[in-house]
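Here is the structure we will look at.
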Amino acid sequence: MDGAGGARGRWLAVAAWAVTRAVLLLCVLKVLVLPGPDVTTDVSVIYHGWAEVLRTGTFPLDDVTWQYPPAAALAVLSPGLLPFLGYAPAFSLLVLVADAATLALFLRAGRRPGHRAAGAWAWIAGVALLGPTGYARYDLMVTAVAVAALLTAARRPRVAGALIAFGTLLKVWPALLLTGAALRGRRARALWRSAAGTGAGLTLCFVVAAPGATAFLTFQRDRGTEVESLGGLVFHLARHYGWDGRVLLNYGSVEFLGPGVPLVSTAAVMLSGAALGWLVLWRTRARRFTRATPADAAFTATLLFTTTSRVISPQYLLWLVGLAAVCLAVRGSRQTPAAVLVLLATGVTLLEFPVHFADVVASNPLGVTLLAVRNGLLVAASLLACRRLWTATGAGRRGTRSGGSGLRRAPAPRTVTAPAAASHRPATAG
């Protein structure tokens, strides 16, 4: 988008972002209060407590709610960069900065050939639809890193690889950005080497710097079925038919505890395993790779693992919003319908948490309905994303692969002699 119309559109996007983010800040600063639980306690109590422990030179080894990779310590400690503010206001301001930087990336991408402005608008709308939760967790910072990696991969593969590695050490899921990455070619080698080298180097630094850098692996393994997950719907319905389990705060989230919970948790892990199997099958069968494939594949993979997770916390929708926005920013992406479903699911999530979270915890009809709609939209988006990725890359067809360069090869020009051209001229009537 160029010229006066393009500039006007960008200014309009900035204005919409400013208005919506002002409302979010008023919510996290408690000038405006939404119904339901206080979403800011994670920052003011949990994150702040972790920061105090991290300043002693160790990770929170005695706290099972610490379930994050070692680079998460940087996000938790980041409010210290603004000592003139309290911990929670400083954290919110830094999230605002990350949000603004992400918008700038989308606006800049929208001016490049092969891109469009829709990504910026999807980002503006998606974060606003999630409500104050987006500014009360560090997931927006992680999403900003993931968006930067995808938008820079084609031109700066080494930078993209480093960003993917750093994002993975912030919250694991950005590793899924490698799902659609090229496997051959100079740029592909640069990206993979940068990701591997940065990841190994940073991990070693964290392990040497403080004890407990890998403790999150055990804490994540022991999590159960959270009330907002797809598997949680089983127990929401079972409670109306005499199931005698309980709902308790466990491992940092509200989970079901009781008969059948281990079985449903295992089923969720198996579904995630099936999603991984499908992604491997797709990768081996894919025949066409375009500039949109890395974003489409990353979005599909993250959507699959989010939907099948034992825990679907509200902030997880930020991951999907960011990747959906990247898909919408890249011309040629086939994921527009799935991206729209994700935005709808994000809006329903605000109603489910925090507005009607008490109804969700109590398994009341309203809460269960909102949860079923949100999770149903995620399931529909997952299936649609898989189908469109499969067909867009020709995974269902047999033939020669286009190679691992990540780009679709143009057909070789064919020289046609004059007689041959004449022989293929269609006959005319009369």
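The condition (being open to solvent by less than 20 Å² (accessible area, probe 1.4 Å) and over 16 Å from Thr143 (Cβ atoms)) is satisfied by just one residue among Phe91, Phe106, Phe84, Phe59: Phe59. If you filter segment 313-343 down to residues that are over 8 Å from the mean Cα position of the chain (by Cα) and under 13 Å from Leu377 (Cα atoms), you find that the one that is most open to solvent (accessible area, probe 1.4 Å) is Val340.
The number of residues in segment 110-129 being modelled with pLDDT of 95 or more, over 13 Å from Gly6 (Cβ atoms) and open to solvent by less than 50 Å² (accessible area, probe 1.4 Å) comes to 9.
So if I check each of Ala200, Ala213, which one is in a helix (DSSP H, G or I) and more than 30 Å from Ala362 (Cβ to Cβ)? Lay out the reasoning, then the answer.
On the way: Ala213 fails: in a helix (DSSP H, G or I).
None of the other options fit; the residue is Ala200.
Filtering segment 139-155 to residues that are in a loop (DSSP other than H, G, I, E, B) and either buried (at least 24 other Cβ atoms within 10 Å of the Cβ) or touching a Phe, Trp or Tyr at 6+ places or on another chain (Cβ under 6 Å) (or both) leaves only Ala153. Which residues, taken from segment 146-190, are touching a residue at least 24 places away in the same chain (Cβ under 8 Å) and β-branched (Val, Ile, Thr)? Hits for segment 146-190 are Val147, Val159, Ile164, Thr168, Val172, Thr179. Among the residues of segment 273-288, those identified as of a type outside the set (D, E, K, R), within 17 Å of Arg397 (Cα to Cα) and surrounded by fewer than 17 Cβ atoms within 10 Å (Cβ to Cβ) are Trp278, Val280, Leu281, Thr284. The single residue among Arg291, Arg310 that is modelled with pLDDT under 95 and crowded, with 22+ Cβ neighbours inside 10 Å turns out to be Arg310. From the list Val227, Val261, exactly one residue is within 23 Å of Val360 (Cβ to Cβ) and over 26 Å from the mean Cα position of the chain (by Cα). Which is it? Only one candidate qualifies: Val261. Applying the criterion of at least 3 residues that are under 20 Å from Phe166 (Cα atoms) and in contact with a Pro (Cβ under 6 Å, 6 or more places away or on another chain) to the helices (runs of 4 or more DSSP H) found wholly in segment 14-125 leaves an empty list. Residues in segment 237-261 that are assigned to a helix (DSSP H, G or I), free of Cβ contacts under 8 Å to residues at least 24 places away in the same chain and exposed (fewer than 13 other Cβ atoms within 10 Å of the Cβ): Tyr241 alone.
Residues in segment 23-43 that are without any contact (Cβ under 8 Å) to a residue 60 or more places away in the chain and either touching a Leu at 6+ places or on another chain (Cβ under 8 Å) or open to solvent by less than 50 Å² (accessible area, probe 1.4 Å) (or both) were compared, and the one that is nearest to Val361 (Cα to Cα) is Leu32.
Of all residues in segment 130-141, those that are on the phi > 0 side of the Ramachandran plot and touching a residue at least 40 places away in the same chain (Cβ under 8 Å) have Cβ atoms under 9 Å from Cβ atoms of residues that are of a type in the set (Phe, Trp, Tyr) and crowded, with 24+ Cβ neighbours inside 10 Å, 6 or more apart or on another chain, in Gly131/Phe353. Restricting Leu191, Leu170 to those that are in a helix (DSSP H, G or I), out of contact with any Gly (no Cβ under 7 Å at 6 or more places or on another chain) and of a type outside the set (Ser, Thr, Tyr) reduces the list to Leu170.
Being more than 20 Å from Val234 (Cα to Cα), touching a helix residue (DSSP H, G or I) at 6+ places or on another chain (Cβ under 8 Å) and small (Gly, Ala, Ser) is the filter here; which residues of segment 324-362 pass it? The answer is Ala324, Ala325, Ala329, Ser333, Ala338, Ala339, Gly347.
Do you know which residues across segment 189-207 are more than 18 Å from Ala144 (Cβ to Cβ), modelled with pLDDT of 95 or more and buried (at least 18 other Cβ atoms within 10 Å of the Cβ)? Listed by number, the residues that qualify are Leu191, Ser194, Gly199.
The values are calculated or read from the model by the stated rules, or taken from the named source; none is laboratory data. What you are looking at is a predicted structure, and each value in this text was computed from that prediction instead of being measured. Neighbour counts are summed over all protein chains in view; Cβ atoms, including those assigned to glycine, are modelled from backbone coordinates with ideal geometry. Quick note on the areas: whole protein, heavy atoms, side chains included, nothing else; ligands and nucleic acids left out. Shrake-Rupley method; radii C 1.70, N 1.55, O 1.52, S 1.80 Å.
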